[in-house]
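This report concerns only the one structure given below.
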Amino acid sequence: MSYQFRSIMLGALTLCMTIGARADAFDQSVFSFNGFGTLGLTHSSEPLADFTSTFFKPNGAGYTRKWSSDVDSRIGGQVTANFNKQLSAVLQVIVEQRFDNTYTPAVEWANIKYEFTPDLSVRFGRILLPIFQISDYRKVSYAYAWVRPPNEVYTMVPFANNDGIDVTYRFHVGDVINTTQGIYSRFHYSLPKSIGGGSTSAENVSSLFNTTEYGHASVRLAYINSKFTTTFPGLTLFDAFRQFGPEGIAIANKYDPFNKLMIYTGIGATYDPGKWFVTGELSQTNAHSFIGKKQAWYISSGFRFDKFTPYFIYAKAKAKSETSDPGLTLSALPPELVGTAAAMNGALNSTALLKSIPVQNTISLGARWDVMKDVSLKVQYDYTTLRNGSFGTLINLQPGFQPDSKVKVVSAVLDFVF
Amino acid sequence: MHIMKSIKLSILGIVAGCLSNIAMADVVVIVSAKNKVAALRVQEVSDIFLGKTSNIAGNVEVIPIDHLEGESTRDEFYLKTTGKAPSQLKAYWSKRIFTGKGQPPKEVLDTIALKKMIADNTKLIGYIDKNAVDPSVKVVLTLQ
């Protein structure tokens, strides 16, 4: 295993050196090339479920593999074209484990940017929504101290990249810098086969983000409003509910994530004077469906001792809506339908639907070591407590999985930029 | 006892003196001698070199230019203005580059070339070792 890991590492390093050498030739031209990557290994103590970093992945560490390199490993390359002072374009492609369990390259960013002034710009194309403080660069692990941002917060909105238009306006008041970003977009993502396939999509996503910076401090506010639809085979359950008269229709309408309003609000703050940092975020989303109303937050701090940055994270996710529902009133039904209705009520309250709202908290301890120029090595230990019968942010539940258990995760990642 | 103490003190003094010579050479922020900007504050210089602003003193456009990575003047400049060590600065620019928010300042081969570029172009701003200052450029901030 360790030999295999080392050869992958060497291969990747050789690759980035080759590409890095080529980039020099671009220096004075219109195009510039930059890349980033992470080689990661993760172990989870829970053998009957998988730990991973996003719901869009089909498996991870724990059940599928004792040690998984799929959780955090990726490599990305970006070409930036600066046609003139106003007009530029970005194309970023990432290779990582995708929903279909392949490592097919995917376009992460692809947009054209026009700067009317250095403080007012418009982008058109594929953009990552900066939902949380580090959402838009969460895949560039070299850019932050942790192994990965806390799952409690960062998996709460099932959005990745969007296609649309983005307007950014920045203004200064004394030493205070305020940046306001408005995005109008849409998205369509395929869901992993582990939940039966299907997709999640939205046609009109309106978002507003505002960042205020003063010296080493910054505060960020986020708001997203969208009408989204999620479909996967398990959701045919709601069609069955609709056959059961007004009560069934009401249940279906309440929980079916079909053309439902999803509102997300978040606030984040960071203070990073260099020698140490403290950062935190509080987020809430209401999906008006079985996906539920959720709240999550984290706080993290670290100290930088030369090349070493030890840190901790405390994160918590809770359900603000019911994670169970009485369902159809069995006593009101003809005897021949009671069995079916009871099974449907059970399915509604299962881990696939209402019990899928994560209720958990995690204490993480880790350290970043800046090994050499452009390379960092991080290790992190996460201790997660699952509550309320929830399976938290785990995926791929297997028969026999015990809710309310503790999950210990150990990860090591090697990050690099080139 | 007394002698020992004074020997210790003088060794300390020498060590401290050496250290300050190596690490504490003053870095100065410069613009063209023809530039009308008189002085800048640390926060303003930090914002300029981190790409957070492109205007100073009301509405004067500025373009920062940089030394090569690994130069001691560069490491000292960024530590004193932004509080960032080289790897933190690299992390900062990684997040800007890969979110399409911008590229770091262009790098110039050496101090002589950098000084000449700044002397000739009133839009440019840079930093050099205090000992390299000459009348073609104007010091707008001294970092001690």
Inset, instruction - Could you state the angle between the C-alpha long axis of helix A:245-255 and the longest principal axis of the C-alpha atoms of chain A, as a value from 0 to 90 degrees rounded to the nearest 10? - result: 20
Legend entry - Amide H within-cut-off set for A:LYS293, under 5 Å, with H built and near neighbours excluded: A:ALA287, A:LYS320, A:SER321
Inset, instruction - Please find the FRET efficiency linking B:LEU109 to A:GLN243, where r is the Cβ-Cβ separation and R0 is fixed at 60 Å, and quote it to the nearest 0.05. - result: 0.20
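Peptide B:84-93: average number of partner chain Cβ atoms within 10 Å per residue?
Mean shielding by partner chains, rounded to a whole number: 6.
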Legend entry - Paramagnetic reach from A:VAL30 in the stretch A:75-97 [backbone N under 20 Å; point 7 Å along Cα→Cβ]: A:78-93
Inset, instruction - May I ask you to evaluate 6.51 cos²θ - 1.76 cosθ + 1.60, the Karplus curve with θ = phi - 60°, for each residue of the stretch A:182-193 and list the ³J(HN,Hα) values in order in whole Hz, giving x for glycine and proline? - result: x, 10, 10, 8, 9, 8, 8, 10, 7, 9, x, 4
Inset, instruction - Please give the helix A:2-26 orientation as an angle from the longest Cα principal axis of chain A, in degrees from 0 to 90, rounded to the nearest 10. - result: 50
Inset, instruction - Calculate one ³J(HN,Hα) per residue across the stretch A:396-403 by plugging θ = phi - 60° into the Karplus curve 6.51 cos²θ - 1.76 cosθ + 1.60, and present them in order as whole Hz with x for glycine and proline. - result: 6, 4, 10, x, x, 4, 9, x
Legend entry - DSSP bridge pairs, the protein assembly as shown: antiparallel proportion in percent, nearest 5: 95
Inset, instruction - May I ask for the distance between the Cα centers of the stretch A:84-142 and the stretch A:251-325, given as a whole number of Å? - result: 22
Legend entry - Rounded, prolate or oblate (a/c below 1.5 giving rounded, otherwise prolate when a/b exceeds b/c) for the stretch A:208-273 by Cα gyration tensor: prolate
Inset, instruction - Pull out the extension gain between A:VAL379 and A:ASP175, defined as 0.36 nm times the separation in residues minus the alpha carbon to alpha carbon distance; nm, one decimal. - result: 69.8 nm
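Loop-only trypsin sites (Lys or Arg not before Pro) in the stretch A:78-121, please: DSSP not H, G, I, E or B, and at most 11 other Cβ atoms within 10 Å.
Numbers: sites: A:LYS85, A:ARG98, A:LYS113; in loops: A:LYS85, A:ARG98.
Counting only loop positions with at most 11 other Cβ atoms within 10 Å, the trypsin sites (Lys or Arg not before Pro) in the stretch A:78-121 are A:LYS85.
Strictly over 25 Å apart at the Cα level, which of A:LYS85/A:LYS373; A:LYS307/B:LYS80; B:LYS36/B:LYS130; A:LYS66/B:LYS95; A:LYS139/B:LYS123 would you flag in this model?
Working: A:LYS85/A:LYS373 30 Å; A:LYS307/B:LYS80 18 Å; B:LYS36/B:LYS130 20 Å; A:LYS66/B:LYS95 32 Å; A:LYS139/B:LYS123 35 Å.
The pairs that break the limit, which is 25 Å between Cα atoms, are A:LYS85/A:LYS373; A:LYS66/B:LYS95; A:LYS139/B:LYS123.
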Inset, instruction - Give me a single rounded figure for B:99-106: the average over its residues of other chain Cβ atoms within 10 Å of their Cβ. - result: 6
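Enter the mean number of other protein chain beta carbons within 10 Å of the beta carbon of each residue in A:132-141, as an integer.
3
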Inset, instruction - Could you calculate the FRET efficiency of B:LEU68 with A:THR102 from 1/(1 + (r/R0)^6), where r is the beta carbon distance between them and R0 is 41 Å, rounded to 0.05? - result: 0.50
Inset, instruction - Starting from the Cα gyration tensor of the stretch A:79-181, take the square roots of the eigenvalues, sort them a ≥ b ≥ c, and report rounded, prolate or oblate (rounded when a/c is under 1.5, otherwise prolate if a/b is larger than b/c, else oblate). - result: oblate
Legend entry - Set of the stretch B:104-137 residues, backbone N closer than 19 Å to the point 7 Å along the Cα-Cβ line of B:GLU61: B:104-107, B:117-126
Inset, instruction - Calculate how steeply helix A:335-348 sits against the longest principal axis of the alpha-carbon atoms of chain A, using the helix alpha-carbon long axis, and give the answer as 0 to 90 degrees to the nearest 10. - result: 20
Inset, instruction - Mind giving me the FRET efficiency for A:PHE303 and A:LEU337? R0 is 51 Å, r the Cβ-Cβ distance, nearest 0.05 is fine. - result: 0.20
Inset, instruction - Using the Karplus curve 6.51 cos²θ - 1.76 cosθ + 1.60 with θ = phi - 60°, work out ³J(HN,Hα) for each residue of the stretch A:99-110 in order, rounded to whole Hz, and write x for Gly and Pro. - result: 3, 8, 6, 10, 10, 6, x, 9, 7, 8, 10, 7
Legend entry - Inter-label distance, nm, simple model (7 Å from Cα along the C-beta direction), A:ILE267/A:THR329: 4.2
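Readers should treat all values here as calculations from the given coordinates under stated rules, not as data from a laboratory. Please read all numbers here as calculations on a predicted model, not as lab measurements. Glycine also receives a Cβ, built like all others from the backbone with ideal geometry; neighbour counts cover every protein chain displayed.
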